[in-house]
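Have a look at the structure below before the remarks.
The values are calculated or read from the model by the stated rules, or taken from the named source; none is laboratory data. Source: prediction; values computed, not measured. Note that we place each Cβ from the backbone using ideal geometry, even for glycine, and neighbour counts take in every protein chain shown.
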Amino acid sequence: MMNAGGDWDFEGANTQYLTHNFHPFAARFIPQIPSKLIQGYSRIGERILDPFTGCGTTLVECKLNGRDGVGVDVNPLFTLISRVKTTPLSQKELERISSWRDNLVQKAASFCGQSILSDFSSKELTATLPNWKRIDHWFSKTAQKELAAIKSQINTFDNQRSKEFLLTCLSSIIVRVSYQDSETRYAQKIRPVNSFSVFNAFFQKLSGMMERMKSFSKVCSDSKIEVFTSDARRLDFLEDESFHLVVTSPPYMNAYDYHKYHRQRMLWLEIDPLPVRRAEIGGHDTYTKVGADPETYFNDMRASMKEMFRLLKSGRHCFILIGNSVVNGEKIQSQQRLQEIGRDIGFVDVHMVERKVDKSRKSFVCGARLEQEHIVCLKKP
């Protein structure tokens, strides 16, 4: 039985250790929660599922705690990030990335006209600008050229794991160097982007990621982590009763549009946002419409919870972190509805733990703050 009296608030805890710091992700699942659940409800070598893997927080904790992990998400950007955060790189791979970076520093200086003594010509660094609609609305010409130049060099890397590591680094800085106001406000905000500033942001982030990956690779286990780009409502490619634990945090209804706020990143990485938008559950745009029906969200969650039930071994637990929502001016008790759905599906020992949210860490659209979350505990008989 889950300890309802335990500390689940984790106020002031460091949530950015090791690879958890790799990529911005609003409303992220803080790692202390899956870590505590993994250690308390599974054993080393067992297999854990997160069907809404997001930026891979549960999977990183699986890797650190010696459990095999499977993560699923409809967004290819998120599965890329999750894969990179859970894939250790060897010292040799990191040294090759370091040499690639040093080479790019020289090329970038010449490209930006900052090093006339460089051995490299700016012609060696190409920058074919993308031509998608409204790119000039979201990016200065300087940012476009420097992002395109970095991406062209990443594409020359022949090691796929290292290439994905570099693409994740590039993705992590895109909103910062764009005209998008912030990670949680999808509006244009014009700000100066000086020559070499995009390169500089990339190099700084890359150095930090390399140090963190070096540390992660030393302490992580050899457990197997698998990441799939798919829909949590349809997991037919996974076998019945093949998991010892489910730990997940699905999108909260009417809280955040992941496809929108990561749209510029997806376009730069040549990921089509439209299929993601269509498949995304709980989006803010959907549930702010007049007459929006919250039952559509719970129907989607019922379908995904049926899959969780099917995949979970008998006698094992499923934990879902969820927050309440407001639709049509009415507060929706999401945790209660998930409890009811869980019982309907066949889960037993259904109970719940309430936790306070650190207001400085979990924000949603338009500056809205979530004050409480609930961990719904379900057990398969």
- Selection over the stretch 6-46 where residues are on the phi > 0 side of the Ramachandran plot and among the small types (Gly, Ala, Ser) yields a count of 3
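State the number of residues belonging to the stretch 269-317 that are within 30 Å of Ile174 (Cβ to Cβ), among the charged types (D, E, K, R) and out of contact with any His (no Cβ under 7 Å at 6 or more places or on another chain). Break it down stepwise before answering.
Pass one, the stretch 269-317, residues within 30 Å of Ile174 (Cβ to Cβ): 269-289, 297, 300, 304.
Going one step further and asking which of them are among the charged types (D, E, K, R), we end up with 270, 272, 277-278, 280, 285, 289, 300.
Adding the requirement that they be out of contact with any His (no Cβ under 7 Å at 6 or more places or on another chain) leaves 270, 272, 278, 285, 289, 300.
Residues meeting the conditions: 6.
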- Task: Give the residues of the stretch 154-192 that are assigned to a loop (DSSP other than H, G, I, E, B) and small (Gly, Ala, Ser), sorted by residue number.
- Result: Ser178
- Message: Checking Met210 against (1) under 14 Å from Ala148 (Cα atoms); (2) touching a residue at least 40 places away in the same chain (Cβ under 8 Å), only one condition comes out false. Which one?
- Response: (1)
- Query: Here is a list of conditions, (1) of a type in the set (A, V, I, L, M); (2) under 22 Å from the mean Cα position of the chain (by Cα); (3) at pLDDT 80 or above; (4) surrounded by fewer than 21 Cβ atoms within 10 Å (Cβ to Cβ), and Met308 meets all of them except one; can you say which number that is?
  - Reply: (4)
- Message: What pairs come out if I take residues in the stretch 110-136 that are assigned by TED's automatic domain parsing to the domain that holds Ser178 and pair them with residues that are modelled with pLDDT under 55 whose C-beta lies under 7 Å away, six or more apart or interchain?
- Response: Ser110/Ser118; Ser110/Phe120; Ser110/Ser121; Ser110/Ser122; Phe111/Ser122
- Item | Which numbered condition Leu89 fails, given (1) crowded, with 22+ Cβ neighbours inside 10 Å; (2) in a loop (DSSP other than H, G, I, E, B) | (1)
- Query: Looking at Ser360, Ser325, which one is buried (at least 16 other Cβ atoms within 10 Å of the Cβ), at pLDDT below 85, more than 21 Å from Thr58 (Cβ to Cβ) and among the small types (Gly, Ala, Ser)?
  - Reply: Ser325
- farther than 30 Å from Met352 by Cβ and within 19 Å of the chain's Cα centre (by Cα) - does that describe any residue in the stretch 186-196? yes
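Let's see how each residue does on (1) in contact with a Cys (Cβ under 6 Å, 6 or more places away or on another chain); (2) surrounded by 17 or more Cβ atoms within 10 Å (Cβ to Cβ); (3) aromatic (Phe, Trp, Tyr):
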{"position": "Val193", "(1), (2), (3)": "no, yes, no"}
{"position": "Ser197", "(1), (2), (3)": "no, yes, no"}
{"position": "Gly208", "(1), (2), (3)": "no, no, no"}
{"position": "Lys224", "(1), (2), (3)": "no, no, no"}
{"position": "Tyr252", "(1), (2), (3)": "no, yes, yes"}
{"position": "Tyr261", "(1), (2), (3)": "no, yes, yes"}
{"position": "Met266", "(1), (2), (3)": "no, yes, no"}
